[in-house]
Amino acid sequence: MLSRTSKLGCYSWSLQAVDKCPASRGDDGELVEVCKGCYATQGFYHMPDAIALRERNDVEWRQDTWVDDMVKSLRKQTFFRWFDSGDMYTEALAWKIHAVCAATPWCKHWLPTRMHKFTKFSRVIDALNDLDNVVVRFSSDNVGQHIDGLYVSLVVDTYKHVDKTHVCPSSLQGGKCLDCRACWSKDTQSVAYVAHSNKMHKIIRMKVEPMPGFDHNPLDNFPTIWSKT
Ligand code: SF4
C-alpha cells in the first residue's frame, strides 16, 4: 500500500523504521549515529494508522500478486520513492522491487538504503542501478561522513557548500522538493541533507565541544544559522 509524501510530492512504499532496517545497527548492536536521529521514529510515524500501513506492507510484499499490484499502482506515477521508512531488508524483497522497477520504465525510482553494508546485496543493487529508471543511493552512518558508491547521500550539520555534493534545498523552500529531483538523478552522485529534526540536532550538539572562552555550544542556535546562510 502506497503512502503520499508531501515533501516529495510523490508516493512511497515503506516498512517500519529500525525494525526493518538491519543495517541501522553497528557491530556493537547500537544504532548508528544518523539512525539515532531518524525522523521515521518520531511524531506522525507513531500514529496507529502509520504503523498499521507499514505492518500491512510487510505482509503484502510476500504475496504472489504483489509485483503486479505495485505495477498497477504506479501506472500513472512518474516519480516514486522506496522506503520513506524501513529498508529492503531481505534479498527476496529486493529482487521483487527490481521486478517492479523493470516493469515500470515510465516511472523514476529512488531507493535510499544501508543494505550496501552487506555484500550479499551487491548483485541486486547493481542490477537495480543498471536500470535506466532507478537510483539506489547509499546512505552513510555518521553526520558529515562521505562514503564511496555510485550514488550516495549523507546528513550534514550546516547548510553550507559541500564539494561535489548537491545540498538538498528543501530546508529553504518550506520543507518541499518543489522542482528539485536530484535524488532520482543519475547525474547526481552525492546528495547532502541538512539535519532538521530536534532529535538529530541534539545528537549533533552532543558531538560539538564548546569553543574555548564560550560556555555554550555554538550550535545552540543551529536552526537560525543554517536557515540564513
Ligand atoms: S535533494 Fe531535491 S529531490 Fe532530494 S530530497 Fe532534497 S529537494 Fe527533494
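Quick note: the coordinates plus some simple rules give every number you see, no bench work behind them. What you see is a predicted model; the values in this text were computed from it and never measured.
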Using helices alone, what [θ] at 222 nm do you get for the chain, with -39,500 (n - 2.57) per DSSP H run of 4 or more residues, divided over all residues and rounded to the nearest 500? -8000 deg cm²/dmol
Does region 1-114 come out rounded, prolate or oblate, given a ≥ b ≥ c as the square roots of the eigenvalues of its C-alpha gyration tensor, rounded meaning a/c under 1.5 and, failing that, prolate meaning a/b above b/c? prolate
By its C-alpha gyration tensor, with a ≥ b ≥ c as the square roots of the eigenvalues, how is region 3-195 shaped: rounded for a/c under 1.5, else prolate for a/b larger than b/c, else oblate? rounded
Give the shape of region 1-61 as rounded, prolate or oblate, defined through the alpha-carbon gyration tensor: a ≥ b ≥ c are the square roots of its eigenvalues, a/c under 1.5 means rounded, and otherwise the shape is prolate if a/b is larger than b/c and oblate if not. prolate
For the Cα atoms of the chain, what angle does the longest principal axis make with the long axis of helix 198-207, in degrees from 0 to 90, nearest 10? 50 degrees
